[in-house]
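Here is the structure we will look at, set down as structure tokens.
The values are calculated or read from the model by the stated rules, or taken from the named source; none is laboratory data. Quantities reported herein were computed from a predicted structural model and do not represent experimental measurements. Cβ atoms come from the backbone with ideal geometry, glycine included; neighbour counts cover every protein chain shown. Heads up: the accessible areas ignore ligands, DNA and RNA and are worked out on the full protein's heavy atoms, side chains in. Shrake-Rupley method; radii C 1.70, N 1.55, O 1.52, S 1.80 Å.
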Amino acid sequence: MIEMHVIDAFADKPFRGNPAAVCLLERYPSDPWLQQVAMEMNLSETAFLSPQQDGSFRLRWFTPTVEVDLCGHATLASAHYLWETGRADRKQPVTFHTLSGQLTASPSEDGWIRLDFPVERITETDAPDRLADALGGAVPRFVGTNGLDLLIELNSEEAVRVLKPNFAIMAELGVRGVLVTARSQDERYDFASRCFFPALGIDEDPVTGSAHCALAPYWRDKLGKDRMTAIQSSARTGVLRLALVDDRLHIHGQAVTLLKGSLLHLPAE
């Protein structure tokens, strides 16, 4: 049997934040098997960990349809899993080797977990054809890109919350994802966002740590702040504390284990 946990990331209680499945494997089986497991879990991401001799871990992330290069919430969930199960020293950082290079997760005394991620710069770009239709008629005040995703600023947080995208059209925009954001009207938060990835089989991702690699530097330039608190205004919602340090982003979040189980059907040798 292979152990599998489902962990709500960027959440301080169950049924909030973004659920990720975490699976520890002594070695990676075939990619089709990994993809089938992720499809069966049918969560935004399934994380597959494999221990290395130096105490670090390889980490791969799969949506129900594809493998992705970077995922924040499933990295947070993976660190939580390793510390909670005693497979890593709860007082020490965990190092992950990923398609986006080496990433680390560090425990904090207040129970939050700090992820060390790269920063993604946003440059202004022309709106693609049918963007307004994809956004359900919402009018952007800014359109930018990090090379893979579109970042759309709207006039208000309320406009972000009530947005009703056309996912079929959005999936055909020729981008990986669409990050929609606005300054927060709640004094507890600096900005709000919602993140959509229909091209990856995820219409709306509940809380997207990796999207803040682009959102955080964008809002730093607008607000003049290196430290911010963000809310992702999906139906589940999630809170992220952000700190920009040189060309890195420290993403702080919490996690809660929801389910522990086992995979009974093992990969073929």
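Please give the FRET efficiency for Lys222 paired with Glu109, using the beta carbon to beta carbon distance and R0 = 35 Å, rounded to the nearest 0.05. Walk me through the intermediate numbers first.
Working: r = 31 Å, r/R0 = 0.90.
Result of the calculation: an efficiency of 0.65.
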Could you give the distance between the Cα centres of the stretch 100-139 and the stretch 5-47, to the whole Å? 20
Rounded to the nearest 10, the angle in degrees between the Cα long axis of helix 72-84 and the longest principal axis of the Cα atoms of the chain comes to 30
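Is the shape of the stretch 1-96 best called rounded, prolate or oblate, per the rule: a/c under 1.5 gives rounded, else a/b larger than b/c gives prolate, else oblate, with a ≥ b ≥ c the square roots of the Cα gyration tensor eigenvalues?
Working: a/c = 1.73, a/b = 1.09, b/c = 1.58.
Oblate, since a/c reaches 1.5 and b/c is not below a/b.
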With Cα atoms, 0 to 90° folded angle of helix 31-41 axis to the chain main axis: 70
I'd like the orientation of helix 212-223 relative to the chain: the angle between its Cα long axis and the longest Cα principal axis, in ° from 0 to 90, rounded to 10. 40
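With +1 assigned to the C-beta of every Lys and Arg and -1 to the C-beta of every Asp and Glu, and no other charges, what is the dipole magnitude of the stretch 118-218 about the Cα centre in debye, to the nearest 20? Intermediate values should be presented prior to the final figure.
Values: 9 positive and 16 negative charges, 7 e Å.
Dipole size: approximately 40 debye.
Answer rounded, prolate or oblate for the stretch 60-108, using the Cα gyration tensor with square roots of eigenvalues a ≥ b ≥ c: rounded when a/c is under 1.5, else prolate when a/b is larger than b/c, else oblate. Mind showing how you got there, number by number?
Working: a/c = 2.69, a/b = 1.80, b/c = 1.50.
In terms of gyration-tensor shape, prolate.
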As I understand it, the dipole of the chain uses +1 on the Cβ of Lys and Arg and -1 on the Cβ of Asp and Glu, about the Cα centre. Which of Leu115, Gly147, Thr229 lies farthest toward its positive end? Thr229
Which values of log₁₀ I(q)/I(0), to two decimal places, follow from the Debye formula for the chain at q = 0.08, 0.11, 0.12 Å⁻¹ with a uniform point scatterer at every Cα? -0.30, -0.58, -0.69
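Let me know the number of lysine pairs in the chain closer than 29 Å at the Cα, not counting same-chain pairs under 8 apart.
6
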Expected-Rg normalisation [2.2 N^0.38 Å, Cα atoms] applied to the stretch 163-266: 1.22
In percent, what relative contact order does the chain have, based on Cα pairs under 8 Å that are 6 or more apart in sequence? 23
Expressed in nm to one decimal, what extension gain is obtained for the pair Phe142 and Glu40 from 0.36 nm per residue of sequence separation less their Cα-Cα distance? 33.0 nm
Under the Debye formula (equal points on every Cα, no solvent term), log10 I(q)/I(0) of the stretch 1-50 at q = 0.14, 0.16, 0.33 Å⁻¹: -0.36, -0.46, -1.31
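Taking the Cα centre of the chain as origin and charging only Cβ (+1 Lys, Arg; -1 Asp, Glu), how large is the dipole, in debye to the nearest 20?
Details: 26 positive and 36 negative charges, 107 e Å.
The dipole magnitude comes to about 520 debye.
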With the chain treated as a Gaussian network of Cα nodes joined by springs under 10 Å, which of Glu187, Glu157, Glu67 yields the largest mean-square fluctuation? Glu187
Once the principal axes of the Cα atoms of the stretch 69-218 are found, what is the range along each, listed largest first in whole angstroms? 50, 35, 24
With charges only on Cβ, +1 for K and R and -1 for D and E, what is the dipole size of the stretch 13-137 about its Cα centre, in debye, rounded to 20? 480
How far is the Cα center of the stretch 148-162 from the Cα center of the stretch 185-234, in Å? 9
Mind ranking Tyr81, Tyr189 by accessible surface for me, highest first, 1.4 Å probe? Tyr189, Tyr81
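From the protein chains alone at 1.4 Å, what is the descending order of accessible area for Arg27, Arg16, largest first? Mind showing how you got there, number by number?
Values: Arg27 140, Arg16 85 Å².
Solvent-accessible surface, decreasing: Arg27, Arg16.
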Roughly how much of Cys71 is accessible, in Å² to the nearest 10, using a 1.4 Å probe? 10
Heads up, I need the accessible area for Thr125: 1.4 angstrom probe, whole protein in place, Å², nearest 10. 50
